[in-house]
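Heads up, the thing below is written out as structure tokens.
Here, each number is a calculation from the coordinates, and none is a lab measurement. This one's a predicted model, so the numbers in the text were calculated from it and none came from an experiment. No Cβ is skipped: glycine too gets one built from the backbone with ideal geometry, and neighbour counts run over all protein chains shown.
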Amino acid sequence: MGCVMYERLRVLRILAPIVPIGLFFSEHVLGVMWVSGPSMTPYLNEDYEQMHTKRDMVLVNMWPWGGAGWPWERTRRLERGMVVTFRSPANPGHIAIKRVVGLPGDRITTRDPCMKPSQIVPFNHVWLEGDAADPKRSLDSNTYGPVSISLITGRVMAVMYPRFRMLKWTDWEQGLVEGDVERKLGDNYRHEVRDRVSKEAVKLERPVLS
Amino acid sequence: MSRILRETLRRATPGGVFRLTLDGVGLFCACTLIWEHLITVQLSEGPSMYPTFNPRGDYLLISRVHKHGRGIEVGDVVRFYHPTFLGVNGAKRVIGMPGDFVCRDLPFSTEVGKSQEMIQVPEGHVYVGGDNLPWSRDSRNYGPIPMGLINGKIIARVWPLSKAQWVQNTMQPAQLDD
């Protein structure tokens, strides 16, 4: 009896460090998230029209890639075409997922709900948009403006379910869609979004931090 | 001395080393999680919150439970990721909550409410201001900040010990006698 107790305690003692390591890993290294809503259709949640409740499971890289490599740093290399997760500026309790369309210094010709006809992305901000063709389906930078890079939490690396595929941000500029071999989405995917971006329209200088 | 050495050598089996490493990594992760989700102690910097905090720096106790604006009220001093500088934290007092109307004063002005422009703080944002108006860069410069940038509420000054005290919420409803 006492022996069984002791054995159990020993197993617990060995397993105890696993819990904080796992939490740390899911918060700072690789996280799994579920995408809901039509804003990234047809890139993610491809079958939203048929199945509104079906959600894609994605793998998110939470490590601050591109910096010196400490988990508490927030330096990230961001490029146009990366699909990122970030805390929604409109609702702080919600993690949103959108595509980086414009980098600091780009001039964006905005689309529908936006009140300004064009917008220059300021220092340390990015322009995020959903892939949905219908502007009403996506709550993005056209509603709340450029998003501070400090709000970004991770980059979507891969879709794990229902159809596994790795996502490569470099394919955005070429209009390719990963895993879309038969070109169901057309040869030049979402070129109208890229056409609205004039890259590095202004040269931004780092503002002084006094 | 030799007894300790012998003990150490006896434990230096592959299994023992593995368990020690696992414990060390687990302890590091646990400390990081506590530091990021419960409590942080940090040295402040800059004149923007004078006289509440010393411009030369005070050690502040920050409650990370209040991150992302959870349970924040008008008058709380919050710490947030700076919206335009990566990896820089700011500490300011919350002036307006989502939906409130605030007067948009000119940057670095010493007057309060002299500008004729009122704005409504958007959904999910807060309007923040430093206590030392002419020396503070706050929402008067960069506008309301998203609540998602807030990463804690400053609850106390812990060092120097002679000045250790809770941070007061100075914006209380007025008590009027008639």
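The table that follows gives values for the structure above.
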item: Choice from A:R163, A:R13, A:R196 showing the highest fluctuation, given a GNM over chain A with Cα pairs closer than 10 Å; result: A:R13
item: Gaussian network model of chain B, Cα within-10 Å springs - most flexible of B:G24, B:G46, B:G90; result: B:G24
item: B:R56 versus A:M5: modelled label distance in nm, points set 7 Å from Cα along the beta carbon direction; result: 5.8 nm
item: Loop-located chymotrypsin sites (Phe, Trp or Tyr not before Pro) in the stretch B:88-178, at most 16 other Cβ atoms within 10 Å (DSSP); result: B:F108
item: In degrees, nearest ten, helix B:14-37 long axis to first principal axis of chain B (Cα); result: 10 degrees
item: Förster radius 30 Å - calculated FRET efficiency between A:V19 and A:M57 (Cβ-Cβ, nearest 0.05); result: 0.85
item: Rounded tilt (10° steps) of A:18-28 against the dominant C-alpha axis of chain A; result: 10 degrees
item: Cα long-axis angle, helix B:2-11 against chain B (0 to 90 degrees, to the nearest 10); result: 80 degrees
item: Relative contact order [Cα under 8 Å, 6+ residues apart], chain B, whole percent; result: 23 percent
item: Average other protein chain Cβ within 10 Å of Cβ, residues B:79-86; result: 6
